[in-house]
Structure formats: structure tokens, C-alpha cells
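The values are calculated or read from the model by the stated rules, or taken from the named source; none is laboratory data. The structure displayed is predicted, hence computed values, not measured ones. All Cβ positions, even for glycine, are placed from backbone atoms using ideal geometry, and neighbour counts span all protein chains on display.
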Amino acid sequence: MRQTIKGILFGGCSFTWGQGLYHYSNLSNLPATSENHSFNSRVITEAMIRHKNSLRFPRLVANALNTFEVCKDDVGQLLGNGGSEDETFDFFNHIFNVERKFSYQDFSHMIIQLTNPHRSYFEFELNGVSYKTKILNTHLYNGIDDDIVGGKEFDEYCNLHNYTVDDIQEQHLIKQNKRLKEKVIFYNKKGIDVKIISWFGDVLYCLKDDTFFKDKVIKIKNNNKEFGTIMSLMKSDDDMTIEGDFRKNKNRNVFDVHPSKECHQIIAKSIINNLTSNSLI
């Protein structure tokens, strides 16, 4: 039985937001880019937002399926170009329970684009006190920084239990995916079909052996090749990043390693094919 298409709700990070796609416009005063890939959201104009929205995969999917999409920046109080799974689920809660502009019945589909799992809080207990911190992200990428909230307690927690960084990473991924499963079940009960697409491979590591997610993870297909994550697609060809595309095809330096216009098109096509092949539309 075919399901009537309603709206599609998208959650994710800057990949879903469409970071950098405004560089494909002829607009003036486009933000300068630097080799450290810094980003200043205050210089992004409404015209740039409209242009990048027209090229990002949420809009492409919605247009192809003749419906509407809702992303984080479509809600005034939640403007932002990035995010974590924490922020994605906060956004969904805001949509339905705070702003109440939409009801669960307005959507038939939800696409959750998973990002770097270490952007989310790591929660732990020490001496009867609960802590949550993003220290794990700092440990992995910037070295230990005890000025981060919970940093000293996190180190004490690891030393107390003789946990290595690998141990903590596995704990974190298991907790993240347990919560993801709970959220998918919740939205399924509300009548929303949930699909998952991931930037990072680490997240899929803990999903691969759970049959619950077997038909929920969208694989990306391009040129008869299958990619498990957006990252693996982006590594397959220079054209898949904005920086590589502009350097290779437009002879310009645009220091932005987010998905290119073509990459968004491939992601969109993969989502559309997944939804339609499963007879949901």
C-alpha cells in the first residue's frame, strides 16, 4: 500500500544546512574563505541563504517528491549552520512541542543526517555527581584541555576506571546509538518514517550489527559504486567537495571542504531512490 507523501523533516549538521553552496551563485560580497576553513555566519545574507537552500539536498528531495521540507534554519529561533545529534533532537522537540508550528501528522518522512558523534555531550557520573561534557571532542582533536567544562572530572573518571580513549569512544557510540534507536521508534509510532544517512563512519560501526537499522540506513550510490557514508563519497573524487570542485573545474580557490553542488545532487538522488524503491511514496 502506497503512503501519501507529506512533508519531510531534515535534521543534521552543516552538510544538511548547505554550507558553502552560496559560492555557486553570482551574488556579490560572498564571504571570503581561508585555509583554516573559518566561518562567520554574520556575513551570510538572506540572498545567500535562499541560493544555498535551492541547491542543498533537502530542497532537491522535496522538489522531486512534490512536497515541502523543513530544516533547522527554517525555524527562526534555531538559526545555525552546524550541529550535533543533541541539537538535531532538540530541533525536532522544538518543532513539535515548543513552536508547535507543525504537528506529527504534517510529516510522512524524517531524514536524520548523523554527524561527528563526538560533537554530542558525553555523560558520566563521578562521586555521585552527574556530568556532561564535550571533552571527548577536545581529547581527540585538540589535545587535553582542562578548561573545558567537565574536563578535570572527565580525566578523574577515566583514571578511576582505567578507561582508555578507545573505551570511552565505544561507550559514547553505544549510548548515542541507543538514543537514536529510541528516537526512531518514537517517531515511527507517530506515523513518521525515519531514514538515516551518515557523514561519519564511526556511527555506523555500532549500527551495522543491529537488524533494527537494516532498512533505515541510506546507502549513497554514484557511478555504480556504493558508499556507506557521505565522507566516503567525498573522498572518492575531488569534485565532491566545494574546494576540490572549484580548484579542479573553475580554477578558483574556495577553501570550503563541505559537499559540493554535485555531491548534494548525488545525496538527494540516493535518498529519493531509497524512499521510492521502498514503496513509501
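Here are the numbers:
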read-out	value
Selection from the range 41-74 of residues that are more than 16 Å from the chain's Cα centre (by Cα) and not in a helix (DSSP H, G or I)	ILE44, THR45, LEU65, ASN66, THR67, PHE68
Some residue of the range 188-196 being assigned to a helix (DSSP H, G or I) and either over 17 Å from GLU123 (Cα atoms) or out of contact with any Gly (no Cβ under 7 Å at 6 or more places or on another chain) (or both)	yes
Pick from the range 159-178, criterion crowded, with 18+ Cβ neighbours inside 10 Å and touching a Phe, Trp or Tyr at 6+ places or on another chain (Cβ under 9 Å), ranking: farthest from SER84 (Cα to Cα)	ILE168
Condition met for ILE192 (surrounded by 12 or more Cβ atoms within 10 Å (Cβ to Cβ) and at pLDDT 85 or above)	yes
Tally of residues being farther than 27 Å from GLY151 by Cα and modelled with pLDDT under 90 across the range 162-189	0
Residues being assigned to a helix (DSSP H, G or I), without any contact (Cβ under 8 Å) to a residue 24 or more places away in the chain and either within 13 Å of MET234 (Cα to Cα) or among the β-branched types (Val, Ile, Thr) (or both) - total across the range 247-275	1
Single unsatisfied condition, GLU243 versus (1) part of a helix (DSSP H, G or I); (2) modelled with pLDDT under 90	(2)
Qualifying positions in the range 80-136 - closer than 26 Å to LYS190 by Cα and assigned to a loop (DSSP other than H, G, I, E, B)	GLY83, SER84, ARG100, LYS101, PHE102, SER103, THR115, SER120
Residues of the range 202-236 satisfying the condition of being in a helix (DSSP H, G or I), modelled with pLDDT of 90 or more and of a type in the set (D, E, K, R)	LYS235
Selection status of ILE192, over 17 Å from the mean Cα position of the chain (by Cα), among the hydrophobic types (A, V, I, L, M, F, W, C) and within 29 Å of GLN105 (Cα to Cα)	yes
In the range 224-237, the residues that are surrounded by 15 or more Cβ atoms within 10 Å (Cβ to Cβ) and without any contact (Cβ under 8 Å) to a residue 12 or more places away in the chain	PHE227, ASP237
Near pairs, Cβ below 7 angstrom, 6+ apart or cross-chain, from the range 84-99 (within 23 Å of HIS118 (Cα to Cα) and of a type in the set (S, T, N, Q)) to any residue that is surrounded by 18 or more Cβ atoms within 10 Å (Cβ to Cβ) and modelled with pLDDT under 90	SER84/THR115; SER84/SER120
